[in-house]
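Engineer: The structure is given below, and queries will be raised subsequently.
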Amino acid sequence: MLDTQPDEGYTTADGRKIGGVAMEMKNITLRFGGVVAIKDISFDIRWGEVRAIIGPNGAGKSSMLNVISGFYNPQEGEIIYKGYRRPRMRPYQVARTGIARTFQNIALFEGMSVLDNIMTGRLNHMKANIFQQALWWGAAQREEEENREKVEKVIDFLEIQHIRKTPVARLPYGLKKRVELARALAAEPSILLLDEPMAGMNVEEKEDMCRFILDVNDEFGTTIVLIEHDMGVVMDLSDRVVVMDYGKKIGDGTPDEVRNNEEVIKAYLGVTDD
Amino acid sequence: MSTTAAQDIPQSVPALLERNARLHASRTAYREKEFGIWQHWTWAETAEEVRAMALGFLALGMERGDYVAIIGRNRPALYWSMVAAQSVGAIPVPLYQDAVAEEMAYVLDHCGARFVVAGDQEQVDKVIEVQQSVTCIEQILYLDKRGMRKYDHSRMNWLEDVQTEGRAAAQRLGPELDKRLAELTYDHTCVMLYTSGTTGKPKGVVLSNRNIIETSRASSEFDKLKPGDEILAYLPMAWVGDFIFAIGQAYWTGFCVNCPESAQTMMTDLREIGPTYYFAPPRIFETMLTTVMIRMEDASPIKQRLFHHFMAHARKVGPKLLDGKPVTLGERLKYGLGNLLVYGPLKDTLGLRRIRVAYTAGEAIGPEIFAFYRALGINLKQLYGQTEASVFITQQPDGEVRNDTVGVPSPGVEVRIAENGEVFYRSPGTFVEYYKNADSTRDTKDPEGWVATGDAGFFEESTGHLRIIDRAKDVGKMADGGMFAPKYVENKLKFFPNILEAVVFGNNRDRCVAFINIDLGAVGSWAERNNIAYSSYQELAGLKRVLDTIQEHVEQVNESIAQDKMLSGCQVHRFLVLHKELDADDGEMTRTRKVRRRIVEDKFADLIDALYGDKDSVYTETEVTYEDGRKGRIKATLEIRDARVFGNQQRIAAE
């Protein structure tokens, strides 16, 4: 999975290998009519790292993630992915290039079971045509078994065996978030985009989620881009942090660098008031 | 089988395994659900896996008499690691997997474990934390690879790698392993189990091959267990019962041990497996019944009526049928119809359809709960035992099952009652000693082999069945000289589904008071049905209507206690509902979920004072420990209620 630029890679303090640049955002500007959501932002994402995007409400973080996932197309700037300039793409095309995501507001099929939801994550890996699918014959049968095996591994990994057959609508919030992560993981992405994975969770659920994110990164070498409000989580999890405010980038670096950046403190972290 | 086997009984668990691999080669020995599918191993395959592991242990330098700690959830490979350790002459020491690092440190240090077999990363992390203070641990072996890649592997191995190495070294180490296997005798230590210890530090109970195999043989014959039986291994491996059921009896009879996919899937797995032999503490039977009742509340009126009609009939006829007592043809036919419509489907849903023998023990079981399962035709029985006895002291024979006794002495067990009412026993299963604790051994076991149980009880004259009243040391006196048996009262309280836990105080006092824990499942479901909003246990526990309900329960218990002349002084005069659930992480309970009375008494001394005072509310702050070991405080103002008491005991006027 690592890119072929060994000279650019480095090893983190805890022994993970970070590769070369996977994706580079160059001077991205995104407008909605007169509103400028993202103003001339550039940053890069390296293979194997956990990259966080933080900022106050309305800073443009989710828009940035939507640009990466192809949901929005920026008016200016370009995205270099795996060394090539990415043309305008529809989200499903982006998904096929190995980018999966979760949503801030859970977007699962509520009436379907957890298992079926996660199976939808494998959609890009299924090739059988509609007739084979309908008759459960040949390639369709083989494919389903292979995909089910992959899905079962994800289920095992995220420890959600007990809700395998439960309809999603019956699950509590924390578990739904986990199922969403499972669906994204089932796609076996190279880059995983997580939009506020811990929002609305209690302390224990957050801890579980943190462990899963780290494990995903560690076990599969998946590159992770995440948006999160919980500062403790961001500082603990990520290798590098981009800080946004009013659509502009005001900081970029390791958690320590960002924490000591004057402008960031002023804009977001605030002066300790207690 | 027993008559032919009796002449040359295999002298150790590995020897039993070798026998099973011959006799039952192609029968399934283990099953585990992984990746959504039940994987299985025959006895022959099991023997091969265990041998490979034992060879691997030899390659790592495991010596005779080494202690090998095993920590993790019930999984075949962890059971194998116990037998593999025995094969090389080492002694397995299973530990409670939910123990926090400090608790684990004591045990690992006490037994001087050189090897630790850990289930997953979580357990490995704890062991590494322990290693800062405990220096004896040389090797950590782990079963689940997940998250382990970054760890320093200089003194750490994946269990499957150990097996691979063992297989590779079969030529070189095979003779040594065979030599060590041949050395094992009836008097070698089979396993060391740490008692949970309601008081003080845990003690290591040393059980020999004789203890385990003799006990397994006698108890298997008692219930006519046979190859082809199925059990679900889901109780902590550190608990003696699990060792006897999933290793002792399983290896003796050659039945199949099924391991669930994860702790949370236990109920689904139970249903998929449909065990024929089943053990569960009363709490689990209670939870199952509560779930059934909650779901029935939501069912359609027709279903509800059908259910209640046929359950009433089952309560009348079911137990008689089980005990082989005469039943009229009409009753029998109606029971058959009920079986078709209600009992069968219900048992199927619970996963209990194929049960031949089911046991419960550890705590008293509520009469309604017990009757419910018996009515369904499930042969649920009670046994009385402890770690020091390799489980069995008394058990109920088929056809003589009652809710308030624990049965007759198990085969080979002698029981006597001392002057003060304490129960003593002597049996082939009686433990060898407490490890490195000669004083305690002497206090518990006399030179003739009689062991004090610490429980007070008596034999019923008419039936010869044993009845247990309470822990001998907990039985005290009220200020006026009356008998104080807190457990007796607590059990009566706990029989109400709304009450999860109760602690009664009153030793040397003039009246009794109680702490109550509500059952979040039962009370929560009630709140939901009545559109009562709550955000936490604490809030729910403080609601006026909840307190009213609990007060009713307490008064009902008082009324029933008042009937008993000896214990009428134990009626609860005042009570409060605690603002937190009693929890093993806070040290208030043991890992087997028994209340540590003294600790609760110290920790909540302010609440007890308030209960004996005259205020009707009290403010308190309590330290709590979260699952990851961090601490926090919760604050609450608790309402204290007066309960009505009955009979001539009424000294306190109810307000």
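The values are calculated or read from the model by the stated rules, or taken from the named source; none is laboratory data. Quick caveat: nothing in here was measured; it's all calculated off a predicted structure. As a convention, Cβ positions derive from the backbone with ideal geometry for all residues, glycine included, and neighbour counts pool all protein chains shown. These accessible areas exclude ligands, DNA and RNA; they are computed on the full protein's heavy atoms, side chains included. Shrake-Rupley method; radii C 1.70, N 1.55, O 1.52, S 1.80 Å.
Engineer: Consider the range B:11-35. How many of its residues are within 14 Å of chain A (Cβ to nearest Cβ), in contact (Cβ under 8 Å) with a residue 60 or more places away in the chain and surrounded by fewer than 18 Cβ atoms within 10 Å (Cβ to Cβ)?
Structural biologist: Residues that pass the stated criteria total 1.
Engineer: Quick one: which of B:338, B:362, B:351 is in contact (Cβ under 8 Å) with a residue 60 or more places away in the chain, of a type outside the set (A, V, I, L, M, F, W, C) and open to solvent by less than 10 Å² (accessible area, probe 1.4 Å)?
Structural biologist: B:351
Engineer: Could you figure out which of (1) more than 15 Å from residue B:429 (Cβ to Cβ); (2) out of contact with any Phe, Trp or Tyr (no Cβ under 9 Å at 6 or more places or on another chain); (3) of a type in the set (Asp, Glu) isn't true of residue B:221?
Structural biologist: Residue B:221 satisfies all of (1) more than 15 Å from residue B:429 (Cβ to Cβ); (2) out of contact with any Phe, Trp or Tyr (no Cβ under 9 Å at 6 or more places or on another chain); (3) of a type in the set (Asp, Glu) except (1).
Engineer: Turning to a different aspect of this structure: Regarding residue A:180, is this residue within 13 Å of chain B (Cβ to nearest Cβ) and acidic (Asp, Glu)?
Structural biologist: No; evaluated as a whole, the condition is false for this residue.
To keep it simple, each residue is scored yes or no on (1) in contact (Cβ under 8 Å) with a residue 12 or more places away in the chain; (2) surrounded by fewer than 22 Cβ atoms within 10 Å (Cβ to Cβ); (3) within 14 Å of chain A (Cβ to nearest Cβ); (4) assigned to a helix (DSSP H, G or I).
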| position | (1), (2), (3), (4) |
| --- | --- |
| B:94 | yes, no, no, no |
| B:98 | yes, yes, no, no |
| B:102 | no, yes, no, yes |
| B:123 | yes, no, no, yes |
| B:126 | yes, no, no, yes |
| B:146 | yes, yes, yes, no |
| B:149 | no, yes, yes, no |
| B:180 | yes, yes, no, yes |
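Engineer: So, residue B:73, is that one within 14 Å of another protein chain (Cβ to nearest Cβ), outside any helix (DSSP H, G or I) and touching a residue at least 24 places away in the same chain (Cβ under 8 Å) or not?
Structural biologist: yes
Engineer: Can you tell me which residue within the range B:592-638, out of those that are part of a helix (DSSP H, G or I) and among the charged types (D, E, K, R), is least open to solvent (accessible area, probe 1.4 Å)?
Structural biologist: B:597
Engineer: Another question, if that's okay. List the strands (runs of 3 or more DSSP E) that sit entirely inside the range A:1-96 and contain at least 3 residues that are of a type outside the set (Gly, Ala, Ser) and open to solvent by 50 Å² or more (accessible area, probe 1.4 Å).
Structural biologist: By residue number, A:21-32, A:35-46.
Engineer: Kindly indicate whether any position in the range A:158-170 is over 24 Å from residue B:121 (Cβ atoms), surrounded by 17 or more Cβ atoms within 10 Å (Cβ to Cβ) and assigned by TED's automatic domain parsing to the domain that holds residue A:126.
Structural biologist: Within the range A:158-170, one or more residues are over 24 Å from residue B:121 (Cβ atoms), surrounded by 17 or more Cβ atoms within 10 Å (Cβ to Cβ) and assigned by TED's automatic domain parsing to the domain that holds residue A:126.
Engineer: So which residues in the range B:395-415 are over 20 Å from residue B:218 (Cα atoms) and either of a type outside the set (Val, Ile, Thr) or without any contact (Cβ under 8 Å) to a residue 40 or more places away in the chain (or both)?
Structural biologist: Answer for the range B:395-415, where residues must be over 20 Å from residue B:218 (Cα atoms) and either of a type outside the set (Val, Ile, Thr) or without any contact (Cβ under 8 Å) to a residue 40 or more places away in the chain (or both): B:402, B:403, B:404.
Engineer: If you don't mind, there's one more thing I want to ask. Looking at (1) within 14 Å of chain B (Cβ to nearest Cβ); (2) farther than 25 Å from residue A:99 by Cα; (3) open to solvent by less than 50 Å² (accessible area, probe 1.4 Å), can you tell me which one residue A:202 breaks?
Structural biologist: (3)
Engineer: Output the helices (runs of 4 or more DSSP H) that fall wholly within the range B:209-322 and possess 1 or more residues being within 29 Å of residue B:414 (Cα to Cα), or say none.
Structural biologist: Result: B:209-222, B:240-243, B:250-253, B:282-297.
Engineer: So which of B:214, B:261 ends up being assigned by TED's automatic domain parsing to the domain that holds residue B:16, open to solvent by 10 Å² or more (accessible area, probe 1.4 Å) and not polar (S, T, N, Q)?
Structural biologist: B:214
Engineer: Let me ask something else. Considering each of A:250, A:224, A:213 in turn, give the residue that is within 13 Å of chain B (Cβ to nearest Cβ), crowded, with 19+ Cβ neighbours inside 10 Å and either under 18 Å from the mean Cα position of the chain (by Cα) or among the aliphatic types (A, V, I, L, M) (or both).
Structural biologist: A:213
Engineer: Considering only the range A:157-274, give the strands (runs of 3 or more DSSP E) lying wholly within it that have at least 1 residues that are basic (Lys, Arg).
Structural biologist: Fully inside the range A:157-274 and qualifying: A:240-245, A:248-253.
Engineer: Could you tell me whether residue B:252 is touching a Ser or Thr at 6+ places or on another chain (Cβ under 6 Å), aromatic (Phe, Trp, Tyr) and either under 20 Å from residue B:84 (Cα atoms) or within 14 Å of another protein chain (Cβ to nearest Cβ) (or both)?
Structural biologist: Yes; evaluated as a whole, the condition is true for this residue.
Engineer: I'm trying to understand the selection: among the residues of the range B:36-46, which are open to solvent by 70 Å² or more (accessible area, probe 1.4 Å), more than 14 Å from chain A (Cβ to nearest Cβ) and not charged (D, E, K, R)?
Structural biologist: B:40
Engineer: Every residue in the range B:377-431 that is among the acidic types (Asp, Glu), surrounded by fewer than 20 Cβ atoms within 10 Å (Cβ to Cβ) and over 23 Å from residue B:319 (Cβ atoms), please.
Structural biologist: Across the range B:377-431, the qualifying residues are B:414, B:419, B:422.
Engineer: Shifting gears a bit: Quick one: in the range A:14-49, of everything that is on the phi > 0 side of the Ramachandran plot and modelled with pLDDT under 90, which residue is farthest from the other protein chains (Cβ to nearest Cβ)?
Structural biologist: Within the range A:14-49, the match that is farthest from the other protein chains (Cβ to nearest Cβ) is A:33.
Engineer: Could you give every pair whose Cβ atoms fall below 6 Å, whose first residue belongs to the range A:127-151 and is within 14 Å of chain B (Cβ to nearest Cβ), and whose second residue is surrounded by 17 or more Cβ atoms within 10 Å (Cβ to Cβ), counting only separations of at least 6 or pairs across chains?
Structural biologist: Here the result reads A:147/A:122; A:151/A:118; A:151/A:119; A:151/A:186, each pair linking the range A:127-151 to a residue that is surrounded by 17 or more Cβ atoms within 10 Å (Cβ to Cβ).
Engineer: What is the residue count in the range A:123-152 for residues that are surrounded by 12 or more Cβ atoms within 10 Å (Cβ to Cβ) and either within 29 Å of the chain's Cα centre (by Cα) or outside any helix (DSSP H, G or I) (or both)?
Structural biologist: 16
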